[in-house]
């Protein structure tokens, strides 16, 4: 390419009266002269080159440093040949004049989608042009180079540069369009670059993946918005499926309905709880009850890959902007745990938190035009200052037994499942509705033939899911009960049947069940819950004990609170772990744990049952707080023989009356021993004889004896 120059002192003067030859195969001047429209990005690049040259003292050097931009404009790079530099500016001007002789080529899905999105969101023409430019600048190599030379770069200077490039709009209009409360920035479509020196980065940063989204052809507006948010699927449940949350649902629905009708800003509801408890389904139920469409912010791409927090935040802001123009609709933001800032620990354990992020999040919850429902598994990572800005916070726990039973039957419809298995599933608080749904899906496809095979498959799937999240599934872990539960098999110091009737009439108070292991204390508590038609909330020491100071006390308080809210029968198994005599305490937290439990017992207005094998170790003050104390002892001879007959019948063995004396001679036999022997029979695979069953029972009893033949201590001294 030939460049004509004329030097005079240190300044450079471009001879505009001499022709400029452009040797590049992509000659812009040649294309324009031939009558074909020039690409819009080329026009923008030519204007950017001229503006950068105008803003500096050495235009030729500026153009020489923009190799990619020169290639994009249709020129060969100037390189280090200073002789070419003076004529370059004239060539660029000439190319721009030719390129703008007719409207530029905008035959690209990007420009069409920007216009459609602008109509949907009511974007001004300047905002649409900025959006299209920002996306192209971030994706087309070379467009950003001229802006990198505008140093030091300020937003005012950059606004002037954008005005020169976009041409139709003045700097003030561009600055106004890029204000924080403007549509582009507030919706997350575009933001200023975080760097004061843009370097290779674009001056404006578009939303992640926006180039791909806007560069795709869509059949309609709904498809264009689908990468950001969409109308959620209809609810599969109704408010009747959440009877334990009826009062909360009624209040939230009235709150959301009136807030939407009156266009109240800053309305936010938070649903949190363990995975699989139905939080998202509850959000759909709330929207259906209010009579509003529910728009859900996407959590993943169409290919299933997860979206990051920035993209989801931008989608949420877009959804808010879209719905603010309408008179209906609510927003659902599921899996919100990664969006909100949390207090993190930096060097030396010091807490660090971005004040800027925190302030933005606070505004996010105070200024949203459309009511939003947020769903998360845990609130532990959410900053307290952010958490308090949610108007209503509802913990969605595992439904009570009566609700779980209905859910189980609904999901298992069509599967050959027995009623006993349904009841056992409903008894498991650890099992969530999502667990049952997943297990039913697997069982329907790979469960085998017959109820036994299907139940085994479901049990395996559910147990693996519960274990994956750190839980235990002891109720289903047993291969069925040894014999059907009968209260007559309990050898208790107080008539268990009459006690159950008394507690049914007045289901409140503290009950202590103590005695050797396997005597039926936990099973009796389950029986009580069923008789009272209330859910059973069971907690063990491992569920509450925590190595961090103060956490155990917090978990104890939450245990009572949960039982109070669910109107559940509360069972604390292994209570001796918490109620040991404080006179033997060595550490302060051993005392505070007992104190917290005693306070909870005094304030709890429901039925609280403690079971223990070590009654002699209980704190005296705690012992006095139990209104009812029942000792469960080894089976009497008549009870032992009745259970022996029942077990033989269940495993298809004919009871031998001649063994009655031997069975009755087992003085430390418990119902738990029969359950253990039954499992041995199931594992053996062959029906044993009554004498073999007796041998197994004798072995179980023998294991409870010391070497001298005396009964081993089981926590009782005397």
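Just so it is clear, none of the values below were taken in a lab; they were calculated from the coordinates. Small disclaimer: the values here were computed from a predicted structure and weren't measured. For neighbour counting, all protein chains shown are included, and Cβ atoms are generated from backbone atoms with ideal geometry for every residue, glycine included.
Using packing as a proxy for protection, rank 594-602, 423-431 so that the peptide with the highest average count of other Cβ atoms within 10 Å comes first. Don't jump to the answer; show the numbers that get you there.
Details: 594-602: 18.0, 423-431: 21.3.
Final packing ranking: 423-431, 594-602.
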Checklist entry - What is the distance, in nm, between label points placed 7 Å from the Cα along the Cα-to-Cβ direction at residue 237 and at residue 141? => result 5.4
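What ranking, highest mean first, results for peptides 283-290, 251-258 when packing means the other Cβ atoms within 10 Å averaged over each residue? Show your work: numbers first, answer last.
Working: 283-290: 22.1, 251-258: 17.1.
Answer by packing, highest mean first, reads 283-290, 251-258.
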Next on the checklist: Which of the three applies to region 637-706, rounded, prolate or oblate, going by the alpha-carbon gyration tensor with a ≥ b ≥ c and a/c under 1.5 meaning rounded?
Outcome noted: oblate
Next on the checklist: Over region 487-631, what portion of Cα pair distances is larger than 27 Å, expressed as a whole percent?
Outcome noted: 17
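Mean shadow of region 401-470, computed from the convex hull of its alpha carbons, in nm²? Don't jump to the answer; show the numbers that get you there.
Numbers: hull surface 16.2 nm².
In nm², the orientation-averaged hull projection of region 401-470 is 4.0.
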Item to check | Order of 649, 176 under a 10 Å beta carbon neighbour criterion, fewest first | outcome: 649, 176
Checklist outcome for this item: Between residue 497 and residue 220, the two model label points (7 Å from Cα along the beta-carbon direction) sit apart by a distance in nm of 6.8
Checklist entry - If the label point is 7 Å along Cα→Cβ of residue 485, which residues in region 398-429 have backbone nitrogen under 12 Å from it? => result 423-428
Checklist entry - How much length is gained on full extension from residue 621 to residue 633, taking 0.36 nm per residue of separation minus their Cα-Cα distance? => result 1.9 nm
Next on the checklist: Testing the spin-label approximation: label points 7 Å from Cα along Cα→Cβ at residue 301 and residue 54. State their distance in nm.
Outcome noted: 4.0
Next on the checklist: Show me the ranking of peptides 301-311, 492-502 by mean Cβ neighbours inside 10 Å, starting with the highest.
Outcome noted: 492-502, 301-311
Checklist entry - If only Cα atoms are counted, what is the Rg of region 35-218, and what is its Dmax, in Å? => result 16.1, 52
